[in-house]
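Accompanying notes for the structure given below.
The values are calculated or read from the model by the stated rules, or taken from the named source; none is laboratory data. All figures in this text were calculated on a predicted structure; none of them were measured in a lab. All Cβ positions, even for glycine, are placed from backbone atoms using ideal geometry, and neighbour counts span all protein chains on display.
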Amino acid sequence: MIEQQENCRPAKVIGPLGEPLTLDSLPPSNTTRWVVRRKAEVVAAVNGGLLSVDDVCARYGLTVEEFAGWQRAIDRSGMPGLRVTRIQHYKTLYERQQKF
């Protein structure tokens, strides 16, 4: 019989730029300036199973909606979609694409 360990999480995952990410290499929990790379690293950590959405929200003081917005931005437009100055542009572009 194969036993499953609870909370089996990988020790590291591949980050948005191909680098290994560990819990220690993620942005610090007191991060207040969220540049594109940091947001992408946190999304990659969740997608790879390093952290759960609840863990990320508690660790960084984010709402689930805010984090989900980061995930949607990456899914739609990749890392450039995370740029605050481009969010409206990509949102409009995505909405136009949905009409066709």
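Values for this structure:
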item: Failed criterion for LEU17 (all others in (1) in a helix (DSSP H, G or I); (2) within 30 Å of GLU95 (Cα to Cα) hold); result: (1)
item: Single residue of region 69-100 satisfying the filter (among the aromatic types (Phe, Trp, Tyr), modelled with pLDDT under 90 and assigned to a helix (DSSP H, G or I)) that is farthest from the chain's Cα centre (by Cα); result: TYR94
item: Every pair of residues 6+ apart whose Cβ atoms lie under 6 Å, when the first sits in region 29-41 and is of a type outside the set (D, E, K, R) while the second is assigned to a loop (DSSP other than H, G, I, E, B); result: VAL36/ARG83; ALA40/PRO16
item: Condition broken by PRO20, with the remaining ones in (1) at pLDDT 95 or above; (2) more than 23 Å from PRO80 (Cα to Cα); (3) over 12 Å from the mean Cα position of the chain (by Cα) satisfied; result: (2)
item: Residues satisfying the stated conditions in region 57-68, i.e. under 9 Å from the mean Cα position of the chain (by Cα) and surrounded by 15 or more Cβ atoms within 10 Å (Cβ to Cβ); result: PHE67
